[in-house]
Amino acid sequence: FNHPVLLVLDDAQTTLHRSACLEELHYCVSRGIPVYFQGSNLVHTQINVANAKAFDEALQTKVFKSIESLPDGVAGFNSLIEHNIAKIEEERLKCVSSMLRSMILNKYYVVIGIPG
């Protein structure tokens, strides 16, 4: 399995605050599997797996212990995820900027939801 993964975010970015979702995201980024984001709220928030929730406390504990046992531990996990999210955001902004630059200048376009 090395197909790209689409991470869908709601307004509260619930996916980035769920321990099992973060573990799956880590699996992808640590193996070079492409991850794309889609959703209504694409503004980056700080990742802290120690505060992540799960539907079941036993699962939350299992995921946290698994992450804690990684060579760089929780801090390394958080850093890796944040770094990769930042790279994805940067690439998205480059694509949007390139698209806007290539548009014909005598037409007006409205782009909604682009930060900055």
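Based on the mean of other Cβ atoms within 10 Å per residue, sort peptides 46-59, 15-28 so the most packed one is first.
Result, highest mean Cβ count within 10 Å first: 15-28, 46-59.
Which cross-chain or sequence-distant (5 or more) residues have an amide H under 5 Å from the amide H of Phe37, H modelled 1.01 Å from N in plane?
Amide H neighbours of Phe37: Leu7.
Could you check the simple spin-label distance between Glu68 and Ser97, using points 7 Å along Cα→Cβ, in nm with one decimal?
My value for the distance between the label points is 4.2 nm.
What FRET efficiency would be calculated for the residue pair Ala50, Glu90, taking the C-beta separation as r and a Förster radius of 25 Å, to the nearest 0.05?
Working from the Cβ atoms, E equals 0.45.
Starting from the 7 Å offset along Cα-to-Cβ, what nm value, one decimal, do you get for the label separation of His83 and Asp10?
Between His83 and Asp10, the simple spin-label model gives 3.1 nm.
Ignoring everything but the protein chains, give the 1.4 Å probe accessible area of Ser97 in square angstrom, nearest 10.
Result for Ser97: roughly 50 Å² accessible.
Using a/c under 1.5 as the rounded threshold, could you call region 9-86 rounded, prolate or oblate? The axes a ≥ b ≥ c are square roots of the C-alpha gyration tensor eigenvalues, and prolate needs a/b larger than b/c, oblate otherwise.
The shape class here is oblate.
For region 9-21, in order, what is each residue's ³J(HN,Hα) by Karplus, 6.51 cos²θ - 1.76 cosθ + 1.60 with θ = phi - 60°, in whole Hz (x at glycine and Pro)?
10, 8, 4, 8, 6, 3, 4, 7, 10, 10, 4, 5, 5
Under the rule of at least 5 residues apart or a separate chain, name every residue whose amide H is placed under 5 Å from the amide H of Lys53.
Answer set, sorted by chain and number: Arg18, Ser19.
The values are calculated or read from the model by the stated rules, or taken from the named source; none is laboratory data. Please read all numbers here as calculations on a predicted model, not as lab measurements. Please note: Cβ atoms are built from the backbone with ideal geometry, for glycine as well, and neighbour counts cover all protein chains shown. Calculation scope for accessible area: heavy atoms of the full protein, side chains included, ligands and nucleic acids excluded. Shrake-Rupley method; radii C 1.70, N 1.55, O 1.52, S 1.80 Å.
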